[in-house]
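Coordinate-derived values only; no laboratory data. The model shown is predicted, which means the values in this text are computed figures rather than measured ones. Cβ placement follows ideal geometry from the backbone for every residue including glycine, while neighbour counts extend to all protein chains displayed.
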Amino acid sequence: MADTVEIHGYCSPGFENVKAAFARAFEVEGDVGASFAATIDGEFVVDIWGGYADAARTRPWEKDTIANVWSTTKPMTALCALILVDRGQLDLDAPVSRYWPEFAQAGKEKILVRHILSHTSGLAGFEETVSVEDLYDWERIVGLLAAQKPWWEPGTKSGYHSITFGYLVGEVVRRITGKSLGIFFREEVAVPLDADFHIGLGTEHDRRVAELIWPPTPQPGEPGYINPEDVPEIARKVANVNPTFQATDTTQRAWRAAEIPAANGHGNARSVARVAAVMACGGEIGSVRLLSMPTIEKAIEEQCYMTDLVLQVPIRWGLGFGLNTVEAPIVPNPRAFFWYGAGGSLVVVDLDARVSFSYVMNRMGAGLIGDKRSVRPARALYASL
C-alpha cells in the first residue's frame, strides 16, 4: 500500500466522502498524480487533486496541472459537431460527402454524418500502416481516409474509431467552418467556458503537462494478456495499421502541438467537467449557450448497441458518446452519456441529475473501461446527492 497522499482542492459540505474515495486510488492502486471534479447545475461541488506530475515524484500535481487525456478528447470533438448541428450547418442524416466531396470515393457516398459520430462508418482504422509522425500531417491523413473503402457496411456494426474519429469529424467541421477542429474548439467552447482544455497545445503550457506513466505490457500468463490469435479480424487489422504509441511520443513538442482530435487533448478534471457541465445543463451555463436541448436529445439517441468489433465489449453508442445501459450502468440515471481515455481518464454527463464529473490522471492503467480509480469517487458522488 502506498503512503498517504495529501489531497488538495475543494469539496462542498456533504461531499467529503468523494475526497476520501479519491484518496483510495493513491493508497490502493498506487496512483501517482490525478484530479477529480464534479458539477451540479453547472457549479462545482468537487474540485480536487493530489500526488505528483512526474514518475520520479519530484513535481507536485498542482491546481493547473494538465495531462494528455487520450480518448476523453472525443467528447470534445463530438461537441464541436453538435454545435454545428444546433446551428443548422450540419445535418446528421446528410452524406459526409455533402461537406467533404472527396470522401465519396471507394463506395463511401452513402456514409452519413451520424455514422462517423457513432463509430459505425466502417473506417475504424487505416488501410495502410500509419506512423505517429504521419498523424501530424492533417492533409495526408484525411486524404487516406477519403480514398479508402469501409471495412463493413456503414451503419450496420460498430468498430471503435480510436484514431480516425477525430480526423473524420474534424474534417467535416473544417469544411463547414474553415477552421481546424482545435481552433474551433478553442474559440467556440474553451474560451467562452473558460475551460483549460486544448486540442493542439501551445508551448507556453508545456511546463504544466504531467508526465504520462505507461502501464507494463502484460506477458503470457499474466492478467490482461491477450493472445494475438484470439483477437478478432477487425481489431487485429486496426492494431496492425494504427500507430503503436510509446510514452515518449506524448512528451514531444510535435505531438502536443498537433491536432489529433481523438487522442491528444490536454486538460484536467476541472476543465473536462466544465465542458461537460454545459451539456448536463441542457446546453447552457450562465450567459454561455452552446446547444439546445433538442440537439442533446439527438446526441443520446441510440445508434448502435452490440459487441463493438474493435473493443470486443458491448457498447451502446450515441453520437460521439457511450450511452448508459441497464446491464452495466455508468451511473444510476438512464439519460447519462460518457467516454473514457486510454489508461483511465473519464468524463460523464448525467442529464437527469444535471451532473457532470471527470477523472484525469498520469499513471495509465492497462484498460479502457471500468477503472476502479474513477469508479470509487463516482459512487461516492452519487451517494452524496
Inset, instruction - Per DSSP H run of at least 4 residues, take -39500 (n - 2.57); add these up for the chain, divide by its residues and hand me the 222 nm value, nearest 500 deg cm²/dmol. - result: -8000 deg cm²/dmol
Inset, instruction - Could you line up 45, 191 from fewest to most neighbouring Cβ atoms inside 10 Å? - result: 191, 45
Legend entry - Centroid-to-centroid separation of segment 120-142 and segment 43-61 [C-alpha atoms, Å]: 34 Å
Inset, instruction - Just rank 206, 54, fewest to most, by other beta-carbon atoms within 10 angstrom. - result: 206, 54
Legend entry - Per-residue HN-Hα couplings for segment 184-190 [Karplus 6.51, -1.76, 1.60; θ = phi - 60°; Hz; x = Gly/Pro]: 4, 4, 4, 6, 9, 10, 4
Legend entry - Cα gyration tensor, segment 160-208 - rounded (a/c under 1.5), prolate or oblate: oblate
Legend entry - Least to most buried among 66, 213 (fewest other Cβ within 10 Å first): 213, 66
Inset, instruction - For segment 318-341 and segment 254-293, write down the distance between their C-alpha centroids in whole Å. - result: 17 Å
Inset, instruction - Could you tell me which of rounded, prolate or oblate describes segment 159-271, using a ≥ b ≥ c as the square roots of the eigenvalues of the alpha-carbon gyration tensor, with rounded for a/c under 1.5 and, failing that, prolate when a/b is larger than b/c and oblate otherwise? - result: oblate
Inset, instruction - Could you order peptides 171-178, 150-157 by the average number of other Cβ atoms within 10 Å of their residues, highest first? - result: 171-178, 150-157
